[in-house]
Amino acid sequence: MSRRDASCSCGQLRLSVQGEPLRVSACHCRECQRRSGSVFAVQARFPIGAVATHGTSHAFVRTGDEGTSCRFHFCPHCGVTVWFVPESIPGVVSVPVGVFADPGFPPPQVSVYEVRRHPWVGLPHGIERID
């Protein structure tokens with residue numbers, strides 16, 4: 001079983017996951033754009049039992065377009081979000097793919113909020129697209 005390690009920029013907040021992600025998605029919603037500081041965010045879902053966290057996090061709860069909330073855990077020192085827990089998907093922890101800093105990480109399988117995708121953003125061919 002594979003293990004992957006992730007961390008914030010300063011290394012104080014870390015996360016380890018066992019096994020492959022349940023799903024990797026690219027999200028183009030405005031809030032993910034703001035959270036990531038980019039034009040979209042890519043995150044991987046893992047079963048909660050496969051995730052171990054280390055360090056101190058602060059949390060920010062945000063209500064999304066669908067009316068459900070997510071609890072974002074970020075480092076109080078450098079501000080990087082290392083994981084978040086979507087209320088709408090019990091038993092799952094989502095991890096921004098960038099905190100793994102692994103160019104071999106699996107690509108996204110689905111792209112969500114396509115209606116808000118910047119027209120110049122290209123994603124893998126054959127990816128599932130959801131408006």
Practice problem: Confirm whether SER69 is more than 25 Å from PRO124 (Cα to Cα), modelled with pLDDT of 95 or more and among the small types (Gly, Ala, Ser). | Solution: no
Self-check item: The listed residue being within 15 Å of the chain's Cα centre (by Cα), free of Cβ contacts under 8 Å to residues at least 12 places away in the same chain and within 20 Å of ILE130 (Cα to Cα), out of SER38, SER25
Solution: SER38
Self-check item: Selection count where residues are outside any helix (DSSP H, G or I) and closer than 19 Å to GLN33 by Cα, scope region 102-123
Solution: 14
Quiz item: Which pairs have Cβ atoms under 8 Å, sit 6 or more apart or on different chains, and link a residue in region 105-117 that is within 18 Å of PHE46 (Cβ to Cβ) to one that is assigned to a helix (DSSP H, G or I)?
Solution: PHE105/VAL97
Quiz prompt | Residues of region 29-51 satisfying the condition of being surrounded by 20 or more Cβ atoms within 10 Å (Cβ to Cβ) and either assigned to a loop (DSSP other than H, G, I, E, B) or among the aromatic types (Phe, Trp, Tyr) (or both) | solution = PHE40, PHE46
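The values are calculated or read from the model by the stated rules, or taken from the named source; none is laboratory data. What you are looking at is a predicted structure, and each value in this text was computed from that prediction instead of being measured. So basically every Cβ, Gly included, is an ideal-geometry build from the backbone, and we count neighbours across all protein chains shown.
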